[in-house]
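Below is one structure, written out as structure tokens, with a few remarks after it.
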Amino acid sequence: MPHNRHSAFRPLLWLGIFVTIVSLACSALTPNTPEATAPPIVAVEPPSPTPVILASSPQIVSEEAVLVDMYARLNPSVVNISVYADSGGMTVLMGQGSGFVYDTLGNIVTNAHVVEGASQIEVTFYDGLVRKATLVGKDLHSDLAVVRVQLPPGVNPIPLGEMSELAVGQTVVAIGNPFGLEGTLTRGVISALGRTIPALTVFSIPQAIQTDAPINPGNSGGPLLNLQGEVIGVNAQIETGGTTNTNLGIGFAIPVSILQRVIPSLIETGAYAWSWLGVRGGDVTPTLVQAMGLPVERGAYLSNIEPGGPANQAGLRGATANITVEGRTVSAGGDIITAIDGQPVNTFDDLLIYITMNASPGDEVTLTVLRDGEYQDIRVTLQARP
């Protein structure tokens, strides 16, 4: 209550007045003696403070402005893709995904797994406009597809970036439709480069981009972008740990290097032909080195040769025996690939990347092979994947 509050503070007020009067009286009685000489004052430079980035700092304001501008420019070019399938005489919604405008002809890039099995495809634009789309082509080996739709005014293609300019730690942005929530932007970094992820076939997709930008079901087919607003990948997969359908901080995008090879072919012919060597294997390991007495510690080890395939026709060899070394059993006896066309091969992925990214069916490549302790060059004519 007001009365009690004033009463509580009154004693403190009188005490303050009393102390002030006593202080003034003491000052008046103090003799006027000369002051003692003060020690010299030495100026000491304070240590440089550690920079602190505040919410209003130029760095954060600048990045916020970049993201806001990017979303305003590019969100109209990112679409929601609804896929319908025939079931029991009815047409039912099978799933949803994302995509982005590739060119002015209305070609839209997405994942093959988004449109696989579709009897009807609809594209929803940022402003709610829905139009029917047609499937132009798809490639299960790269999990890429193209659908075509009539573009509304003001919707433009998103340019592609360059794989050579990517670096781990680089800021990236994903725009898509997670769980059908259209026009969602998330931000993260490139966590790793050069990952190998499974395709929709028995083959693998090389050079995949790993990111911690939150992507979830519905983001599939949407663009992964750099801060210049260029597509550097197509969001395709997430690591769930087998316990959930949501993101755990590890997502994968099909790299722009594969887009640049596959998409033009899908638009032109509806398909893409990957080159094929016809081998299976892995990296050279210390156990394999000991089991086979190898003079090298790195290379691509061939454990299986596909019958009738290019490697089989060229005389390459797979494993011939199982050998146990210090309790570990390995399949030994296969060829070791140490180079292809003069380019070093340190891992099995190196071999896979060269075959898929630098060669086409019908091309001849020269493999440097280590066999029985000796090196030899073997020429192989590549075929299209079966």
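Bear in mind these aren't lab numbers, they're just calculated from the coordinates by the rules spelled out. Predicted model only: the values in this text are computed from it and were never measured. Using ideal geometry, Cβ is built from the backbone for each residue, glycine included, and neighbour counts are taken over all protein chains shown.
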**OP:** Please label the shape of segment 269-386 as rounded, prolate or oblate, based on the square roots a ≥ b ≥ c of the eigenvalues of the alpha-carbon gyration tensor (a/c under 1.5 means rounded; beyond that, a/b larger than b/c means prolate, else oblate).
**Re:** prolate
**OP:** With a ≥ b ≥ c taken as the square roots of the eigenvalues of the C-alpha gyration tensor of segment 163-261, please select rounded if a/c is under 1.5 and otherwise prolate if a/b is larger than b/c or oblate if it is not?
**Re:** rounded
Original post:
Is segment 267-337 best put as rounded, prolate or oblate by its Cα gyration tensor, with a ≥ b ≥ c the root eigenvalues, rounded for a/c under 1.5, and otherwise prolate when a/b is larger than b/c, oblate when not?
Top reply: prolate
Original post:
For segment 359-386 and segment 134-187, what is the separation of their C-alpha centers, rounded to whole Å?
Top reply: 35 Å
Original post:
Using the per-residue mean of other Cβ atoms lying within 10 Å as a proxy for protection, in what order, highest first, do the peptides 187-196, 214-223, 107-116 fall?
Top reply: 214-223, 107-116, 187-196
**OP:** Quick one: order Glu297, Glu230 by neighbouring beta-carbon count within 10 Å, fewest to most.
**Re:** Glu297, Glu230
**OP:** Could you line up Phe179, Phe100 from fewest to most neighbouring Cβ atoms inside 10 Å?
**Re:** Phe179, Phe100
**OP:** Return the distance in nm (one decimal) between the two label points of a simple spin-label model at Ala321 and Leu193, each offset 7 Å from Cα along Cα→Cβ.
**Re:** 4.3 nm
